[in-house]
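Values in this text are rule-based calculations from the coordinates and carry no lab data. Since this is a predicted model, take the numbers as computed values, not measurements. Ideal geometry is used to build each Cβ from the backbone, glycine not excepted, and the neighbour counts take in all protein chains shown.
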Amino acid sequence: MLTREEKIAQWLAEEHAARIRLAKPGTTSLADVSTLTPTEFFDGISSGELPCPPFGELVDFIPMEWSPGRFVFQGTPNARHYNPLGTVHGGYAATLLDSCMGCAIHTQLKKGQGYTTLDLRVSFVRAMGSHTGPVRAEGKVIHVGRSTALAEGRLYDVDDRLYATGTTTCMIFDMTQ
């Protein structure tokens, strides 16, 4: 069994390897995204063939792994994410959860479909700080229908300590029109 320090080193090494593959931040047009399957889209970002979304650079988190119905982001909160009380702002957790849950839904869509968040609910369990180390936000699909989809997510550290949970409802739309 790995120690906490060894697990942190492992997560950071995995993150470093993923960052090396990413292209510079940028956007891909809806017209171009609509021609790709979700797997092609996310594999293109992961391999550096497509630009990495700029928001991930701003908040400093990256996609780590995905499979149909599941998506994981990783980031390391630090003092630049602090609120006036000296802990990580709740928006950091909400952003990671919104992203992992939305992307989990995206993995289940058909070519030409897009999504947007209709509802986001976050429950905070404990505060994060610079001492927290890397965290992962894991989203899992609950249901995908014709016009809406539901997902749940959890934000945890290397010790599997829970920091926040979330649920989302997303609207599914046709990107080809």
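Below is a table of values for the structure above.
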{"quantity": "Tilt relative to the chain, helix 38-47 - C-alpha long axis, 0 to 90 degrees, to 10", "calculated": "50 degrees"}
{"quantity": "Coil-residue GluC sites (Glu not before Pro) of the stretch 31-127, DSSP, other Cβ within 10 Å capped at 10", "calculated": "none"}
{"quantity": "Within the chain, longest stretch clear of exposed trypsin sites (Lys or Arg not before Pro) (DSSP loop, no more than 10 other Cβ within 10 Å)", "calculated": "1-109"}
{"quantity": "Charge dipole (debye, nearest 20) of the chain; +1 at Cβ of Lys and Arg, -1 at Cβ of Asp and Glu", "calculated": "260 debye"}
{"quantity": "Note, ³J(HN,Hα) from phi for the stretch 137-153, Karplus 6.51, -1.76, 1.60, rounded to Hz, x at Gly and Pro", "calculated": "10, 10, x, 9, 6, 9, 7, 10, x, 6, 10, 9, 9, 10, 9, 10, x"}
{"quantity": "Rel. contact order, % - alpha carbon contacts under 8 angstrom, at least six apart, the chain", "calculated": "23 percent"}
{"quantity": "Most positive-pole-ward Cα, Phe71, Gly91, Leu2, against dipole of the stretch 1-94 from beta carbon charges", "calculated": "Gly91"}
{"quantity": "Inter-part distance where the stretch 5-70 and the stretch 103-177 are each reduced to a Cα centre, Å", "calculated": "15 Å"}
